[in-house]
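**Q** Next up is a structure, given as structure tokens.
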């Protein structure tokens, strides 16, 4: 059996679907929580979990899809 090095594609697709259904305020809250979970403070200086990195990336992509201008300036 082969181990996967990252999140399952189906999981990412489910996350994208979930993010698309969120309101703007909910998406911002989700993105801010994911951003915190990727921070050194939340991880005692260790690398963040790949799941949180994917969640943050996908939240940012969904925000960019909704709001192509002006940039969010890394709020999430």
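None of the figures in this text is laboratory data; all of them are computed from the coordinates on show. Just so it is clear, the model here is predicted, and its values are computed rather than measured. All Cβ positions, glycine included, derive from the backbone under ideal geometry; neighbour counts span all protein chains shown.
**Q** Considering only the stretch 17-53, state which residues are touching a helix residue (DSSP H, G or I) at 6+ places or on another chain (Cβ under 7 Å) and surrounded by 14 or more Cβ atoms within 10 Å (Cβ to Cβ).
**A** Within the stretch 17-53, 19, 22, 27, 30, 31, 34, 35, 37, 38, 42, 48, 52 qualify.
**Q** Now, a different point. List the residue pairs whose Cβ atoms are under 6 Å apart, where the first residue sits in the stretch 35-50 and is touching a residue at least 24 places away in the same chain (Cβ under 8 Å), the second is surrounded by 13 or more Cβ atoms within 10 Å (Cβ to Cβ) and assigned to a loop (DSSP other than H, G, I, E, B), and the two are 6 or more positions apart or on different chains.
**A** 35/76
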